[in-house]
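The values are calculated or read from the model by the stated rules, or taken from the named source; none is laboratory data. Bear in mind the structure is a predicted one, so any value in this text is a computation, not a measurement. Cβ placement follows ideal geometry from the backbone for every residue including glycine, while neighbour counts extend to all protein chains displayed.
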Amino acid sequence: MDEFYSEVYLDHFFNPRFIGLLDRYTHSAEFTTEQIGCYDQVELRLNIVNQILTDASFRGRLCSGSISAMSLCLTSVMGKSLQEIQKFTPEDLAQLWGWVPKGKEHSIDLAIKVLHRAIGQHA
């Protein structure tokens, strides 16, 4: 299995961070991949205080890649400013994964799109 997925990918899939949903949050978004991938659906909730991400949560109907990507994405931006989060790209996330397994490109895209959508909206 290791030849197909990086250790980072597997860690965030088998031990996802931020799974569930916050009861109190300031920003939220939902996103569905409809044209590509596994038709994943995700709901994201963020708590932003003084322009800094202080907590996050997600849930959805997600493939292994999207679970891993959401977990790694949120881990990577926790404690960052909105300005820093806006600059976080799919390429940044892919680099943190180590490599993107074939057929999982949509997972990176989903994580970044729902994150950027959420920081643009208040709950």
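All told, S107 meets the bar of being of a type in the set (S, T, N, Q), within 30 Å of F4 (Cβ to Cβ) and either modelled with pLDDT of 95 or more or crowded, with 18+ Cβ neighbours inside 10 Å (or both). The residues listed here are L115, L74; of these, the one that is in contact with a Cys (Cβ under 9 Å, 6 or more places away or on another chain) and not polar (S, T, N, Q) is L115. When the criteria are applied in full, F58 meets the requirement of being within 15 Å of L22 (Cβ to Cβ) and either crowded, with 18+ Cβ neighbours inside 10 Å or modelled with pLDDT of 95 or more (or both).
Per the listing G79, G37, G65, the residue uniquely part of a helix (DSSP H, G or I), in contact (Cβ under 8 Å) with a residue 24 or more places away in the chain and not acidic (D, E) is G65.
Under the condition of being part of a loop (DSSP other than H, G, I, E, B), over 14 Å from V100 (Cβ atoms) and out of contact with any Leu (no Cβ under 9 Å at 6 or more places or on another chain), the residues counted in segment 1-15 number 2.
Is at least one residue of segment 90-99 in a strand (DSSP E or B) and free of Cβ contacts under 8 Å to residues at least 12 places away in the same chain? No - not one qualifying residue is present in segment 90-99.
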